[in-house]
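The values are calculated or read from the model by the stated rules, or taken from the named source; none is laboratory data. The structure displayed is predicted, hence computed values, not measured ones. Quick reminder, even Gly has a Cβ in these numbers, built from the backbone with ideal geometry, and neighbours come from all protein chains shown.
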Amino acid sequence: MNNPSAVQSVGRPFTVEKAKAEERIDTSPESVKLIFTYIAFSAFWLVFGTLVGEYLGFKFVWPELDSISWFSFGRLRPVHTNILFWGFLSQAMIALALYVVPRTSQRELYSYKFGWVSFWLINTSVFFGVITLMAGINNGGQEYREIIWPIFLLFALGLILVAYNLYKTIADRNVKEIYISNWYILAACLWTIVLVVTAYLPGYQEDGISQTVVQGYYMHQGVGQWFTPMVLGLTYYFLPILLNKPIYSYSLGVLAFWTQMVFYTMIGAHHFVFSPIPWWIQTLAIVFSVGMFVPVTAGAGNFLLTMRGKWRSIARSYSLPFILAGVLFYAIVSYQGTLEAFRSLNKVWHFTNFTIAHSHMSMYGFVAFLVWGGIYGLIPRLTGKEPPQFTVGAHFWLALIGVLVYSVPLMIGGTLQGLSWMAGEAFIESVTLMTPYWVWRAVGGTMMFLSHLIFAYNVWKMRPDSWQRLRQVTELQTN
Amino acid sequence: MKLNFHKNHKLLFGVVFWGFVALTLIIAVLPATWVQQQNEPLPASEPMTELQRKGLNIFISEGCVYCHTQQVRPIEMDENWGRPSAPGDYARINRQDVWRQTPAVLGSERTGPDLSNIGKRQPSDVWHYMHLYNPRSVVKESIMPSYPWLFEVVENPSDGATTVSMPEGYGPKNGTIIATREAEALVAYLKSLSQVPMDAWPSAAQQAKADSAVASAVKKKVNGATIYANNCASCHQNNGQGIQSTFPSLVGAAYVTEKDPTRHIRAVLYGLQGVTIDGKDYTGVMQPFGELLSDEEVAAVINYERTNWGNDAPTITAEDVTKVRNNDELNKIQPNE
């Protein structure tokens, strides 16, 4: 692939030639090694976690696939979600943050050792989390905090160490201003520490539905205070640098930041509309769900306005299409989430497969696409090795078409489920009517899974030649 | 240092951190504390037994909550599942142990039916065991997983073991299925799921029930086929043929086709247990529907049964049901007579 033009000019090229990464960025080998190891492990968890998800999707169509307790739906579902949240997305986001924060602070990472300790803590936590969940040991069936505290404590410690590491890096920066990316990234770490501690502490969530109040707060802020600000912060770095132009409006980013913090925190209870938790919390959540219009429009609008007039560069890049798709999904799922919070629409969509479509469009279409954009934007510049552009394109299109084939049928089927319940039909109708939509979901899921195998291959192709050589090259350059 | 978020990291991240702590207190910790303080079981509810609590823990450990809600919303479309859920319905649930937090039973998806009243809708042990061993043995279209690891297959079951007999094609070729202690606990928990009246005085509660039955009969379109599918089909099956030696067939059955509908009406109103039909003993328990269905709904479902699958018996009206109810009350006829 080093010199493909001779071959491709013979016939019609199958792919549009993409721009090559510029010169390898001058970064210490420690940094490359640390970041690449995080990315490699996150790719492993992605493949493993979506293999589980794929298997679960098949079970809706063939419930008798197996009758083994460790593989049953109720045990594997939290395995799927927890692996992808903590093993894949969190780890990949932290990897990119470990590059972006030092870079924008114009200094080295405060401590590589801490970076490695965090790495081991996070992966150990996910590993043992998977084992216990498959064995049927979970934390009260509380969604996304299913891993019991002694194991999730490792993840929390890893995160605290990441936050400390990044804070010290920012505190000792060689520039006056704290770049907006660092606002989002470090804030996400701090918020999530508070979030996880609040979710697991005993005392105020012991009896009855007191835990439900905390659950609404936790499951929503997991997205709103961790994944969203992390990837937005990363995008505030990658988008301008890859487009080679400044962000459209710095102030819009600041506005989105503060409104994100205040509005998003209030809306967790919209997962429990019409439930027996206090009515005022539900109403407050719905009101602030409308308020989310502000940070979402400011954030997504800011990115799109930055891209305006640069569509040619986006088409010529293999990381920017991922970022464009991620930004579009960000806007779409956020507005969709606001609609789902309204009591009138919540009636139709709550408890149905519509919510599954929504969660995949947000965690996958939005978060994962922005993460991939960052990875393809950064890693070739760190290691000096390009992935084949054909396989990057295959990853992009399979993942994009896959998630649409996955979620659009579920949105249609979910709506029909809700309407069936409202019409007072027998419950089993709402199960049988879903069959074709579940088949489509399995098809879309398969495309997504294939794209992840390709991604893992691309990560392999981008690997540093060898740590030894990397060190030599760096020394040569610095001398 | 200047008070500038862009230049002063201590100020920026201090506000970010402590601001979020404050918001967390307002929206999560304080409301949760308040809900916990208000936590009180409904007066008519019973404490959970050890076995039921163990069953709840298995319910959580198997992840049943990912597909089943226990949350009836105060909206019309949820009326089939019971009265709107109240905080008191969950008041007896608390932390499992030091390792695991309080079970979340409200649920977020309804891939399977709501379970708030499964103990009332389906009080038969036999049905639950068959359903857990293989849900498709009783509900053909079900996509629920089978739970064979809650059962054992043995050559000679010991005395006192709970044996489970499965229909042709659903059980093992050799040996007898017996329920483990886990299956017994889970079934005990499922059978305990039954909403109790919101207030302590049965008379008032019954009054409210009667009022709401009248109100809903007026409001709802009564459809015998839907009532049958929701309440009867899990045992008697969609084709009315039941399951051999467990749940009797309704096709051509005397109960269903005889001219005098009194036996049929009574079976629906008060339930049946341990009956012998055509010389065959049936082990399943049929629950009473007298409190779940209005007279009009009972009449509708009875007429559905009397005129389907080749049955051709005279239909009845809601008045006939009311007459049987009143007559039985006057003559103090016991439900299982």
Selected residue [modelled with pLDDT under 95 and either assigned to a helix (DSSP H, G or I) or more than 30 Å from A:ALA269 (Cβ to Cβ) (or both)] from A:THR306, A:THR355, A:THR338, A:THR391: A:THR338
Qualifying positions in the range B:271-304 - of a type in the set (D, E, K, R) and not in a loop (DSSP other than H, G, I, E, B): B:LYS280, B:ASP281, B:ASP295, B:GLU296, B:GLU297
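Here's the yes/no breakdown for (1) assigned to a loop (DSSP other than H, G, I, E, B); (2) on the phi < 0 side of the Ramachandran plot; (3) among the basic types (Lys, Arg); (4) more than 17 Å from the chain's Cα centre (by Cα):
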position	(1), (2), (3), (4)
B:TRP18	no, yes, no, yes
B:LEU23	no, yes, no, yes
B:VAL29	no, yes, no, yes
B:THR33	no, yes, no, yes
B:GLN37	no, yes, no, yes
B:PRO41	yes, yes, no, yes
B:GLN52	no, yes, no, no
B:LEU56	no, yes, no, no
B:THR69	yes, yes, no, no
Among (1) surrounded by fewer than 24 Cβ atoms within 10 Å (Cβ to Cβ); (2) within 22 Å of A:LEU252 (Cα to Cα); (3) without any contact (Cβ under 8 Å) to a residue 60 or more places away in the chain - the single one A:ALA171 does not satisfy: (2)
Filter pass, A:THR192 being of a type in the set (S, T, N, Q), part of a helix (DSSP H, G or I) and within 26 Å of A:LEU255 (Cα to Cα): yes
Residue that is farthest from B:LEU292 (Cα to Cα) [pool: residues in the range B:72-92 that are in contact with a Gly (Cβ under 6 Å, 6 or more places away or on another chain) and in a loop (DSSP other than H, G, I, E, B)]: B:ALA91
Residue match in the range B:140-158 (condition: out of contact with any Leu (no Cβ under 7 Å at 6 or more places or on another chain), touching a residue at least 40 places away in the same chain (Cβ under 8 Å) and within 13 Å of another protein chain (Cβ to nearest Cβ)): yes
Residue ID - nearest to B:LYS191 (Cα to Cα), chosen from residues in the range B:116-160 that are part of a helix (DSSP H, G or I) and of a type in the set (A, V, I, L, M): B:ILE118
Residue within the range A:63-73 that is surrounded by fewer than 24 Cβ atoms within 10 Å (Cβ to Cβ), under 23 Å from A:TYR237 (Cα atoms), of a type in the set (S, T, N, Q) and modelled with pLDDT of 95 or more present: no
Some residue of the range B:80-91 being within 7 Å of chain A (Cβ to nearest Cβ) and in contact with a strand residue (DSSP E or B) (Cβ under 8 Å, 6 or more places away or on another chain): no
Of the criteria (1) out of contact with any Pro (no Cβ under 9 Å at 6 or more places or on another chain); (2) surrounded by fewer than 14 Cβ atoms within 10 Å (Cβ to Cβ), which one B:LYS259 fails: (1)
Meets criteria (within 25 Å of B:GLU46 (Cα to Cα), under 17 Å from the mean Cα position of the chain (by Cα) and surrounded by fewer than 22 Cβ atoms within 10 Å (Cβ to Cβ)) for B:GLY119: yes
Meets criteria (more than 14 Å from every other protein chain (Cβ to nearest Cβ) and of a type in the set (Val, Ile, Thr)) for A:ILE323: yes
Any hit, the range A:266-278, residues being surrounded by fewer than 21 Cβ atoms within 10 Å (Cβ to Cβ), in contact with a helix residue (DSSP H, G or I) (Cβ under 8 Å, 6 or more places away or on another chain) and outside the structural domain of A:SER334 (by TED's automatic domain parsing): yes
Residue among B:ALA313, B:ALA299, B:ALA254 that is at pLDDT 85 or above, among the aliphatic types (A, V, I, L, M) and surrounded by fewer than 20 Cβ atoms within 10 Å (Cβ to Cβ): B:ALA313
The listed residue being of a type outside the set (Gly, Ala, Ser), over 20 Å from A:ILE83 (Cα atoms) and without any contact (Cβ under 8 Å) to a residue 60 or more places away in the chain, out of A:MET411, A:MET434: A:MET411
Pick from the range A:63-103, criterion touching a helix residue (DSSP H, G or I) at 6+ places or on another chain (Cβ under 6 Å) and among the β-branched types (Val, Ile, Thr), ranking: farthest from A:THR383 (Cα to Cα): A:VAL79
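Each row is one residue, and each column tells you yes or no for (1) surrounded by fewer than 23 Cβ atoms within 10 Å (Cβ to Cβ); (2) facing another protein chain (nearest Cβ under 7 Å); (3) free of Cβ contacts under 8 Å to residues at least 40 places away in the same chain; (4) of a type outside the set (Val, Ile, Thr).
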{"site": "B:VAL35", "(1), (2), (3), (4)": "no, yes, no, no"}
{"site": "B:ASN39", "(1), (2), (3), (4)": "yes, yes, no, yes"}
{"site": "B:LEU42", "(1), (2), (3), (4)": "yes, no, no, yes"}
{"site": "B:PRO47", "(1), (2), (3), (4)": "yes, no, no, yes"}
{"site": "B:VAL65", "(1), (2), (3), (4)": "no, yes, no, no"}
{"site": "B:GLN70", "(1), (2), (3), (4)": "no, no, no, yes"}
{"site": "B:ARG95", "(1), (2), (3), (4)": "yes, yes, yes, yes"}
{"site": "B:TRP99", "(1), (2), (3), (4)": "yes, yes, yes, yes"}
Filter result (crowded, with 20+ Cβ neighbours inside 10 Å, in contact (Cβ under 8 Å) with a residue 24 or more places away in the chain and not in a helix (DSSP H, G or I)) within the range A:144-168: A:ARG145, A:GLU146, A:ILE147
Count - residues of the range B:238-257 that are in a loop (DSSP other than H, G, I, E, B), in contact (Cβ under 8 Å) with a residue 24 or more places away in the chain and closer than 13 Å to B:GLY310 by Cα: 7
Checking A:ARG463 against (1) under 26 Å from A:MET361 (Cα atoms); (2) of a type outside the set (Ser, Thr, Tyr); (3) touching a residue at least 40 places away in the same chain (Cβ under 8 Å); (4) surrounded by fewer than 17 Cβ atoms within 10 Å (Cβ to Cβ), the condition it does not meet: (1)
Test for B:ALA229: is it more than 12 Å from B:ILE302 (Cα to Cα), modelled with pLDDT of 80 or more and not in a loop (DSSP other than H, G, I, E, B): yes
Condition met for A:PHE238 (within 12 Å of chain B (Cβ to nearest Cβ) and at pLDDT 90 or above): no
